[in-house]
1. Looking at Lys75, Lys6, Lys31, can you tell me which residue is free of Cβ contacts under 8 Å to residues at least 40 places away in the same chain and in contact with a helix residue (DSSP H, G or I) (Cβ under 9 Å, 6 or more places away or on another chain)?
2. Taking into account only those residues within the stretch 280-313 that are at pLDDT 95 or above and not in a helix (DSSP H, G or I), which is nearest to Met143 (Cα to Cα)?
3. Hey, can you tell me all the residues within the stretch 134-152 that are among the hydroxyl-bearing types (Ser, Thr, Tyr) and either outside the structural domain of Thr107 (by TED's automatic domain parsing) or part of a helix (DSSP H, G or I) (or both)?
4. Residues of the stretch 223-240 being surrounded by fewer than 21 Cβ atoms within 10 Å (Cβ to Cβ), touching a helix residue (DSSP H, G or I) at 6+ places or on another chain (Cβ under 8 Å) and in a helix (DSSP H, G or I), which ones?
5. Please work out which one of (1) under 23 Å from the mean Cα position of the chain (by Cα); (2) surrounded by fewer than 16 Cβ atoms within 10 Å (Cβ to Cβ); (3) not in a loop (DSSP other than H, G, I, E, B) is the condition Leu215 fails and give its number.
6. Identify the single condition in (1) touching a strand residue (DSSP E or B) at 6+ places or on another chain (Cβ under 7 Å); (2) within 25 Å of Arg255 (Cα to Cα) that Leu144 does not satisfy, given that it satisfies every other one.
7. Could you check the stretch 252-279 and list, in sequence order, the residues that are assigned to a helix (DSSP H, G or I) and either surrounded by fewer than 17 Cβ atoms within 10 Å (Cβ to Cβ) or modelled with pLDDT under 95 (or both)?
8. Restricting to the stretch 116-133, and then to whatever is within 28 Å of the chain's Cα centre (by Cα) and part of a loop (DSSP other than H, G, I, E, B), can you tell me which residue is surrounded by the fewest Cβ atoms within 10 Å (Cβ to Cβ)?
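The values are calculated or read from the model by the stated rules, or taken from the named source; none is laboratory data. These numbers were taken from a predicted model, which means no experiment stands behind them. Cβ: placed from backbone, ideal geometry, glycine included. Neighbour counts: every protein chain shown.
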Amino acid sequence: MALLVKKIRGGNYYYSFLSYRVATKPKSFSKYIGSRKPTEKELEKIENIFRIGLIQKLSGKTYSGSLVDKDEIVKSLLFSAAFNKKYQKLTNSKRRKYDIDSMVRFTLTTLTTEEVDVDLTDVTNALVKASGLTLREQISKNMLRAVESIKKPHKLDREYILELHNTIMSTFEQKSPGNFRKKQVYLYKKGSFDSSGDRELKYRPPEHKKVIKLLEKFLRWYNDTDLNPVEKAAIAHYQLYMIHPFLDGNKRICRLIFNKTLFDSKFPLINISINKEAYFDALIRSVETEDPRNFVEFAFKQYYQQIKTFLAG
């Protein structure tokens, strides 16, 4: 934020000035204050009102921030607007190709991140085949169906989360698809120094008897909060992972809910685990400190980076 002075016919006229860089282009906004220079306290109030108004203008809503400031919210909205502007200019066939490519990449990444044995051929085959699928293709098909589901408006509730889990885990019967866990689970960091190669995280998920109560608390927060979409998506991922409601497939569900949150606000799909190591590092740091800041910061970086790539293409 800057205070600009324009001299007109010998008089001073003051303006508040905001500037953001969206990919490689600056985006600026100014607001006339008056002919009297404001005090620091007055300017602080003016600036805050200016940002609130800008968020409202860009989104039609009064998004708030818990771990990020209003400038970050404005910037994320500008990136979303830039994405949608370019996306809408694409021909129908190019838009369709982009949608399919992004869904295929997300499906492949979110499965292989969990070391599920599928490859690009499995996912592309699953996209076009209606029957006669191999097991690997069926696993891919299930994830593709889940991605299509989160694109559609649907209130996030217990039944919908169970439905998503059943969809993506239906080929893993031993993992109780569509059912909450009924035993204690443990979280591990791979590649540690003990004999098994894994290390249990300092954080241990709640006992299974508390899962439904904690999930209901999470859902009340999710459906009532006015957090901006990127921060809400990241914190939802973090909170749901901390509850760890299922025997398996928890991070897959978290990444689906992450993107459902974005889709619901007309934000683009973000392949948040495309950089697997950075994704795990940010998530584990937040889990072990029981503080979502690291993961929120990571989510914003991925959001900006992936939209920049699209805009540059």
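1. That would be Lys31, the only listed residue that is free of Cβ contacts under 8 Å to residues at least 40 places away in the same chain and in contact with a helix residue (DSSP H, G or I) (Cβ under 9 Å, 6 or more places away or on another chain).
2. Among those residues, the one meeting the criterion is Pro292.
3. Ser140, Ser149, listed by residue number.
4. The one that is surrounded by fewer than 21 Cβ atoms within 10 Å (Cβ to Cβ), touching a helix residue (DSSP H, G or I) at 6+ places or on another chain (Cβ under 8 Å) and in a helix (DSSP H, G or I): Gln239.
5. Among (1) under 23 Å from the mean Cα position of the chain (by Cα); (2) surrounded by fewer than 16 Cβ atoms within 10 Å (Cβ to Cβ); (3) not in a loop (DSSP other than H, G, I, E, B), the lone unmet condition for Leu215 is (2).
6. Going through the list (1) touching a strand residue (DSSP E or B) at 6+ places or on another chain (Cβ under 7 Å); (2) within 25 Å of Arg255 (Cα to Cα), Leu144 breaks only (1).
7. As a first pass, look at the stretch 252-279 and keep what is assigned to a helix (DSSP H, G or I): 252-264, 276-279.
Within the stretch 252-279, Lys276, Glu277, Ala278 qualify.
8. Asp117
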